[in-house]
Amino acid sequence: MRLVDQNVPGPRRDFVGYGRRLPKVVWPNDAKVAVNLIVNYEEGSEYSIPAGDNRNEGLAEIPYVMPGEQRDLNAESIYEFGARAGSMRLLRLFDEYGVRVTFYAAAVAVERNPEVGEWIRESGHEPAAHGWRWIDPWTLDRDEERRHIEWAVRSLEETCGERPVGWFSRYSASAYTRELLVEEGGFIYDSDAFADDLPYFTEVSGKRHLIVPYTLVYNDGRYVLPQGFSSPSDFFETCKCGLDELLREGWAGYPKMMSVGLHPRWSGQAARTSGLRRFIEYALEQGDVWFARRDEIARWWIDHHEEFQR
């Protein structure tokens, strides 16, 4: 008996993708892997009692959960570290190597530390929208979510000097997020999918829309997961192995994209920054690697994708 998906709101599922006909991608300077470093800048926009929420943020790397009616001052201070110290350490690192990255920026977080927005602008990094606040979008109704998208765009344009053209939701988009992004009209891509390691187009409300997929494999969030990284060496080795394999595929004629996810409160800790530094140095030593902003990858794909299918 054949299973037929129900007609439910949200994107249609696709289990085929490019299949056996992989695009023969040509990146700038004939690079074999496009590497995008992403800083998830959320600190100051997370759930907290002072923000008027009835809960504390859980992803604080603390071995307990404080009841929702009680402020968790330690958890709050870990997020403050990410904004005050961790983000500054990462930004200095990127400047040191001349690498431009993408910030998945929650708008309120940048409002609360304007120096981050100034540094993003001055160093040429990309401000991609990560919500107005770092909260679960599926808890909002459609009109509320539309307003949050509008607030995020206006806020980041003011704090970073550049309107966001990319979007990434906390955890998962709602069933309507992608439709609202297309309706807003200024986004050229979203990253609310983990479905591939190349960009791909989908149709939304009768319009073509680009997905630049993300990954949780090369991601420092694994430092706080039980089955994740126990040391910066684990992070480096995982990223190194991924890059090595992707380079092999690129040299065989099928270049790919690699996304590396970072958080200031985690990778901004000195020991963990060392693992990231090792990876950046290793990637630069290999050659054939294009360190790019996510919007640069998106625009290149939009402009050249037809050439890749020949």
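A short reminder: the numbers here are calculations on the coordinates, not readings from a lab. Not measured: the values here are computed from a predicted model. Note that we place each Cβ from the backbone using ideal geometry, even for glycine, and neighbour counts take in every protein chain shown.
Observations, loosely collected:
- Shown for M1, M257: other C-beta atoms within 10 Å of each C-beta, ranked fewest to most, produce the order M1, M257.
- Expressed to the nearest 5 percent, the antiparallel share of DSSP beta bridges inside segment 28-308 is 15 percent.
- Once backbone amide H atoms are built at 1.01 Å from N, G58 has no partners under 5 Å, excluding neighbours fewer than 5 places away on the same chain.
- When R20, R121 are arranged by Cβ crowding within 10 Å, least crowded first, meaning fewest neighbours, the order is R20, R121.
- Rounded to whole Hz, the Karplus (6.51, -1.76, 1.60) HN-Hα couplings of segment 167-173, x for glycine and proline: 9, 9, 7, 5, 6, 8, 5
- Backbone phi angles across segment 151-156, fed through the Karplus curve with coefficients 6.51, -1.76 and 1.60 (θ = phi - 60°), yield HN-Hα couplings of 4, 4, 4, 4, 5, 5 Hz in residue order; Gly and Pro are listed as x.
- Length gained on full extension, V65 to R84, computed as 0.36 nm times the residue gap minus the Cα-Cα distance: 4.5 nm.
- GNM result for the chain, Cα springs below 10 Å: residue of V110, V65, V289 fluctuating most strongly: V65
- With a simple spin-label model that places each label point 7 Å from the Cα along the Cα-to-Cβ direction, the separation between Q286 and S172 comes to 3.2 nm.
- Label corresponding to P(r) over Cα pairs in 20 Å bins from 0, in percent when calculated from the structure given, among [x] 32, 60, 8, 0; [y] 29, 53, 18, 0; [z] 35, 60, 5: [x]
- Sites listed here are chymotrypsin sites (Phe, Trp or Tyr not before Pro) in segment 1-105 whose DSSP assignment is loop and whose Cβ has at most 10 other Cβ atoms within 10 Å: F15, Y64.
- In a reduced charge model with +1 at each Lys and Arg Cβ and -1 at each Asp and Glu Cβ, the chain shows a dipole moment near 720 debye about its Cα centre.
- Using θ = phi - 60° in the Karplus curve 6.51 cos²θ - 1.76 cosθ + 1.60, the 3J(HN,Hα) couplings for segment 107-123 round to 4, 5, 4, 6, 4, 7, 9, x, 4, 5, x, 4, 5, 4, 5, 5, 8 Hz; x is entered for Gly and Pro.
- Whole-angstrom gap from segment 7-39 to segment 120-153, using each part's C-alpha centre: 23 Å
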